[in-house]
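Peer 1: The structure that follows is given in the form of structure tokens.
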Amino acid sequence: LRTDPKSVPALDQLAQFLASQRRYDAAIRYWNEALAIQPGAPEMLLSLGITTYEGAGAKEAAGVIGARTAGTKEAIRILTELTRQHPDMKAAHFTLGNIYANEARFREAADEYSQVTRLDPNDTVALLANVKALATVSAFQEALAPAEAYIRQKPADPEGHLLLGAVYRGLGDYEKAEVELQRAVSGKPDDFQAQYQLGFVLARNQKPQQALTHLERAVALKPLDSSAQFQLAAVLRTLGDTARAREIAAKFNE
């Protein structure tokens, strides 16, 4: 840069190095210099958006009040403009989706992940992220197609079966939910959600004895979860074990 202060590759490479060292403000400064010379360069805008967001988080951790809010807003602005200018840039949609998800803006996250899978139907990471985002906002009907698409591509992934089972449960299709959740538990026997969801669905399918096994396992994995305690108490009452049901209910009330 001393030789050629207007070298965009040098500015870009230096900014990348500074970002990797968590020197975010300096990295942002050099990317802005490069973009002033070469406006609209998509890869640099993507890097600028990511670094702006990461820098905001670092400032918040350091105690700078309001830095995260301002930085997040700016990062979203940069990346939204980038996706508008380059609607087929998969990485921009995925990054923007991740930021929305981190900020608990799951509906907007799902919209961006959908754009990724539109561009690349075989992107299983985006498919899974889309299902998670949609399920979080209870958009189960919308989540069904990407969940089924993910299972077609990753039939052995227990997390995919867990999510598809949760979607079926949300849609009230407990028979299909049971099948998927059994597969999830087989692959992830120590996963709280897999055990809890299967126990819940088995109870709805009038199989309280089987539900008991999985709800007990769920409570053992996560003793303070009130939902699991509540469902376990309900199953115990169904099975006639009222004394133990009262004991669990007392813990739930606490």
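Peer 1: Considering the range 221-251 alone, what residues qualify as being in contact (Cβ under 8 Å) with a residue 24 or more places away in the chain, open to solvent by 80 Å² or more (accessible area, probe 1.4 Å) and assigned to a helix (DSSP H, G or I)?
Peer 2: Passing the criteria: only THR238.
Peer 1: Out of the residues in the range 35-82 meeting the condition of being polar (S, T, N, Q) and surrounded by fewer than 17 Cβ atoms within 10 Å (Cβ to Cβ), tell me which one is nearest to LEU18 (Cα to Cα).
Peer 2: The residue in question is GLN38.
Peer 1: Next question. Which fully enclosed helices (runs of 4 or more DSSP H) of the range 103-220 have 2 or more residues being within 25 Å of LEU232 (Cα to Cα), open to solvent by 20 Å² or more (accessible area, probe 1.4 Å) and free of Cβ contacts under 8 Å to residues at least 40 places away in the same chain?
Peer 2: 124-136, 158-170, 174-187, 192-204
The values are calculated or read from the model by the stated rules, or taken from the named source; none is laboratory data. None of these values were measured; they are calculated from a predicted model. Heads up, the Cβs are rebuilt from the backbone with ideal geometry, glycines too, and the neighbour counts pull from every protein chain shown. These accessible areas exclude ligands, DNA and RNA; they are computed on the full protein's heavy atoms, side chains included. Shrake-Rupley method; radii C 1.70, N 1.55, O 1.52, S 1.80 Å.
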